[in-house]
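This report refers to the structure that appears directly beneath it.
The values are calculated or read from the model by the stated rules, or taken from the named source; none is laboratory data. What you see is a predicted model, and the numbers here were worked out from it, not measured in a lab. Backbone-built Cβ (ideal geometry, glycine too); neighbour counts: all protein chains shown.
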């Protein structure tokens, strides 16, 4: 997904065509069904080019004709719409003790959303394939992910869609090759998740990827979050530590090795000073809001977070104070993002979204107070509307987005 | 300088040609004089295309023939080299009480480097053009910048170069239109510097721009800093507050409104907690290293910083402790950059570069300790070799870089 300025590549007619295919597809995604004439009028492409481009897209089953166009220019034209019936992609997400699979087709229709119980830990990612596995290694995490991926792919094919690819969302550092370099939440380091999955799935035509949770969630927000922002959006998750998915100029911030967005690590002061995650993490919030609870014993914070919301709704002062305090500290972290990368919108995701009613006011005040530019540099702070599986959605969307750049899928086998 | 994914533009043959012109220019910049045949062999462009492209570039005086090529393929070919004799650009920089002008031509030759005394403050940016000017307004800052820009442009033209443009580097927030939204160091807010300068210069053909100091310095480092990094580099300056110029994928990180890189503002903890600039700023360092000095009385920290270096070299324990402490805190700020944007190289600029011998070891240790990814995510921490006028150089380079994207200059008047 990365392009660099180093070693620029020569362009030829293929690139022009890909760019123009992208222009047509994005026009239809943004504006809904349109006639060839109105596509030509809106994009500046000439009619013959639009006819040729849409012809290819119809042949590839990415567009279909849908009767007469309503907002026509001149005589009524046949309207074209995105066709979701040929292609879909799958996203999986590992968060807490829950494995989620989600499939969505090219037109944006959700084909399935499944949840499974899941166990992670140091030995769970080892398979026979992995010679470094120790005695505790049982590989059940890989088996569980592979089994769910396999079932999801089968179901999507039953829906008549070609599966373009599958991405697993993981909290922590994921290197370019799909290796989980370090995931404190899962207890994994240097796990070649992409290689292990590819080996388990034995589907050589399936494009398997692994990527960071927050980054994929940001991709989902960009396409399905309902924000105006189209190029500079940051998603902040508290699902495991605190991580940010930073979209810059419409693309996920990649950096030198793909190791971006680790905002929760920040601290300032003498060694041992608390980090942002220590002060604003969801586990800390639960600990303070529900004095009886020990979040260390919970592998999934979701029920505890719902409990916090219930307490807050009933006016419990301990819970409300903990939420306000979390909001203040989180706002200091968000100011960092606003000061450094100047996003158009900052989206609070997953557990933060569940608790946004109580966290947002304090976070917004601190964000403003700590940003040098007035009004937080224009950044709007909002809660995600995509729920707890935004990363899985992003995993699927990442494959579909590639089509929107004009890189059409190769023919179905 | 910004492109967004929103409203993609259709491509045509002009874009292909611009891309390929860029390929040829960048090849020559990276590899030095080369024959047409070796350009074709290295870039994958066919020979007829290379002949046509280099023909245009020679006609535009961006390339020249330089005799026989050394590393030839087949029979000896005429070597082509970048030609600096036709075009140049100017950068100006306001830092402390010093105004710097620098001009560089398309081949990278420095044509002039001038310094002037400079005064800034709330009234200094007001001109008759500015109806909000109060009694203290004298506009001398604008007059000084305009006068130096005028003289530099005249001198560059005497060198026989067409002046492609001029950029003024300013510490603080600069909005897209060239307005200094807020510069605490200069005491300016909402100063339409670009508009005021354009009005003073009365040279309608001159492309005048205003941009952030750290961002321009990062552009200079990318092209002239001698780093291997070509796409992900961050420059950190302590010239006024602490600011970062963040290059992502070969382009300066712009964000929604161009208000990026304000790393010095960061703090974590109760209201009133020290910011990164409070702990690691150059003015604080001077205060601690030289107990007699009051940096608030200095409008330019350069002599004090040199004094600190002298003390450190002589083994003064107060100075050494202050430098180590600054390095530690700065390293915590750099870890933030490494965790969030994962640069390939972090360049310590200006005063930090002068003092790098003593600051770097502690900064490097803290950077590593506070980054989640091992070895700081691969980020190398280095001192700038461009001295105290990197931002002025970047201001000139920004205009020349545009040619390297294939956007050739319009004909000289």
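Please go through region A:333-370 and pick out each residue that is more than 15 Å from residue B:269 (Cα to Cα) and free of Cβ contacts under 8 Å to residues at least 40 places away in the same chain.
As a first pass, look at region A:333-370 and keep what is more than 15 Å from residue B:269 (Cα to Cα): A:337-361, A:364, A:368.
Scanning region A:333-370 gives A:339, A:340, A:353, A:356, A:359, A:360, A:361, A:364, A:368.
Right, residue B:268: surrounded by 24 or more Cβ atoms within 10 Å (Cβ to Cβ) and either in contact with a helix residue (DSSP H, G or I) (Cβ under 9 Å, 6 or more places away or on another chain) or assigned by TED's automatic domain parsing to the domain that holds residue B:308 (or both) or not? The answer is yes for residue B:268. Taken together, B:303, B:204 contain a single residue that is within 25 Å of the chain's Cα centre (by Cα) and not assigned by TED's automatic domain parsing to the domain that holds residue B:376, which is B:204. For residue A:158, the criteria (1) at pLDDT 90 or above; (2) under 26 Å from residue A:404 (Cβ atoms); (3) crowded, with 17+ Cβ neighbours inside 10 Å hold in every case but one, which is (3).
Residues that are within 23 Å of the chain's Cα centre (by Cα) and crowded, with 23+ Cβ neighbours inside 10 Å within region A:356-372 comprise A:359, A:363, listed in sequence order. Among residues of region A:20-53 being more than 26 Å from residue A:226 (Cα to Cα) and more than 14 Å from chain B (Cβ to nearest Cβ), the one that is surrounded by the most Cβ atoms within 10 Å (Cβ to Cβ) is A:36. Within region A:178-217, the residues that satisfy the criterion of being surrounded by fewer than 18 Cβ atoms within 10 Å (Cβ to Cβ) and within 14 Å of chain B (Cβ to nearest Cβ) are A:184, A:189, A:190. Tallying residues that are within 10 Å of chain A (Cβ to nearest Cβ), more than 28 Å from residue A:331 (Cβ to Cβ), assigned to a loop (DSSP other than H, G, I, E, B) and under 14 Å from the mean Cα position of the chain (by Cα) within region B:223-281 yields 1.
Of these, B:375, B:390, B:338, which one is buried (at least 24 other Cβ atoms within 10 Å of the Cβ), part of a helix (DSSP H, G or I) and within 11 Å of chain A (Cβ to nearest Cβ)? Only one candidate qualifies: B:338.
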